[in-house]
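Reading through the structure tokens given below for one structure.
The values are calculated or read from the model by the stated rules, or taken from the named source; none is laboratory data. Only a predicted model underlies this, so the values are computations on that prediction, with no experimental measurement involved. Glycine also receives a Cβ, built like all others from the backbone with ideal geometry; neighbour counts cover every protein chain displayed. With ligands, DNA and RNA removed, areas are computed over all heavy atoms of the protein, side chains included. Shrake-Rupley method; radii C 1.70, N 1.55, O 1.52, S 1.80 Å.
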Amino acid sequence: MSAALSIARVSVLRALRRPSSWWLSALAFLPAALGAWLGASGYDALSVPAPLLVYVAAPLLVVPWVAGVLGEAFERRTVIYWFVRPMARPTALLGEWIGATVTVGTVLLLGGAMLAVANALTGNATMASLARLPLAMLAEAFALAGFSVGVGALAPKHPVSVAVGVLAVTEVALPTLWGPMQSISLSRQVLVLAGLDSSAVLPSLVGAAPTPSLPIAALVLAVFVAIPMGLAVRTVIDRDL
């Protein structure tokens, strides 16, 4: 575990020193700014900004930040620096996941908190909503970071394209074609965790969306991480680097 934490520390420092990390972080705060403007204008501060944060800003922040950088490390073979050390290869993936969760999780947590405060200032929010939205964004960061680490290891040549393609299928294509498939949408489950009504975000052509459920939401987030990370662990063990 100490080796994974050391790799996580390097991952955090690398992100802080990368200029792209800072301008990508702005994506997490744009929905909060929009929510503040809508709230000040007498409109619902969450109806548009919350889905914008969950469906658009979070993936556009996390995927290039995590999958792009890790894929480049595999493509340029600089990841061998970790693999030649006396530790299991999957430890490197675990460390990258922890480091990515710390960095993007902090950014999305703050973005969610700012949006929740903007909504609270309208007088339409409860104390519970002030905590649920930031924590839901932290959960999305956790899931997207693990997903992106897995994709970066599995498809190092085009990690961002592959990750965006998979998300386009799970978040847009399948849920809009068939209502029950909204269960596989990570973004929808994050909105469920946040306590927001997500049923009208992506109306489906056929079938009704399943009833929101917190246990199902937690399960989907876990599966969203487990599949790519499990495949990535198997790949780095067997891959000849």
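Heavy-atom accessible area of S187 with all protein chains present, probe 1.4 Å, nearest 10 Å²?
0
Could you tell me what percent of the accessible area of the chain is made up of carbon and sulfur, with a 1.4 Å probe and every protein chain present?
72
Could you grab the relative contact order for the stretch 178-241? Cα pairs under 8 Å, six or more apart, rounded to a whole percent.
40
With +1 assigned to the C-beta of every Lys and Arg and -1 to the C-beta of every Asp and Glu, and no other charges, what is the dipole magnitude of the stretch 38-105 about the Cα centre in debye, to the nearest 20?
360
Got a sec to turn the phi values of the stretch 9-26 into Karplus ³J(HN,Hα) couplings, 6.51 cos²θ - 1.76 cosθ + 1.60 with θ = phi - 60°, whole Hz, x for Gly and Pro?
Running phi through 6.51 cos²θ - 1.76 cosθ + 1.60 with θ = phi - 60° gives 4, 5, 4, 5, 5, 4, 5, 5, 8, 8, x, 4, 4, 6, 6, 5, 4, 4 Hz.
Calculate, for the chain, the solvent-accessible area per residue in square angstrom, rolling a 1.4 angstrom probe over the heavy atoms of the protein chains.
Per residue, the chain has an accessible area of 47 Å².
Karplus couplings for the stretch 100-106 from phi (6.51 cos²θ - 1.76 cosθ + 1.60, θ = phi - 60°), rounded to Hz, Gly and Pro as x?
My calculation for the stretch 100-106 gives 5, 5, 5, 6, 5, x, 4 Hz in order.
Tell me, in nm to one decimal, what length is gained between L121 and I227 on full extension, where the rule is 0.36 nm per residue of separation less the Cα-Cα distance? Provide the component values of the computation, followed by the final result.
Numbers: separation 106, 0.36 × 106 = 38.16 nm, distance 4.00 nm.
Here the segment from L121 to I227 would lengthen by 34.2 nm.
Pop out the Kirkwood hydrodynamic radius of the stretch 116-167 from its pairwise C-alpha distances, inverse of mean 1/r, in Å to one decimal.
Details: mean 1/r = 0.0768 Å⁻¹.
Hydrodynamic radius (Kirkwood, Cα only) of the stretch 116-167 equals 13.0 Å.
Please compute the contact order of the stretch 46-172 in relative form: average sequence separation of alpha-carbon pairs under 8 Å and at least six residues apart, divided by the residue count, as a percent.
RCO, the stretch 46-172: 43 percent.
In percent, what relative contact order does the chain have, based on Cα pairs under 8 Å that are 6 or more apart in sequence?
24 percent.
With θ set to phi - 60°, apply the Karplus curve 6.51 cos²θ - 1.76 cosθ + 1.60 along the stretch 140-152 and write out the HN-Hα couplings as whole Hz, x wherever there is a Gly or Pro.
These are the phi-based 3J(HN,Hα) values: 5, 4, 4, 6, 5, 5, x, 4, 5, 4, x, 5, x Hz.
Scanning the chain for trypsin sites (Lys or Arg not before Pro) in DSSP loops with at most 14 other Cβ atoms within 10 Å, what's the longest stretch left with none?
Between the exposed loop sites, the longest stretch runs 158-238.
Along the positive direction of the dipole of the chain (beta-carbon charges: Lys, Arg +1; Asp, Glu -1; about the Cα centre), which of P203, W97, A226 reaches farthest?
In the chain, that residue is W97.
What is the spin-label model distance, in nm, from W37 to V169 if the labels are put 7 Å beyond Cα along the C-beta direction?
My value for the distance between the label points is 3.6 nm.
Name the residues whose placed amide hydrogens come within less than 5 Å of the amide hydrogen of W178, ignoring near sequence neighbours (fewer than 5 apart) on the same chain.
Hits under the 5 Å cutoff: L205, V206.
Charges at C-beta only: +1 for Lys and Arg, -1 for Asp and Glu. How large is the resulting dipole of the chain about its Cα centre, in Debye rounded to 20? Don't jump to the answer; show the numbers that get you there.
Working: 13 positive and 9 negative charges, 146 e Å.
Dipole magnitude for the chain comes out near 700 debye.
Quick one: which of 105-115, 146-156 comes out on top by average Cβ neighbours within 10 Å, and what's the full order, highest first?
Working: 105-115: 22.9, 146-156: 27.2.
Descending packing order for the listed peptides: 146-156, 105-115.
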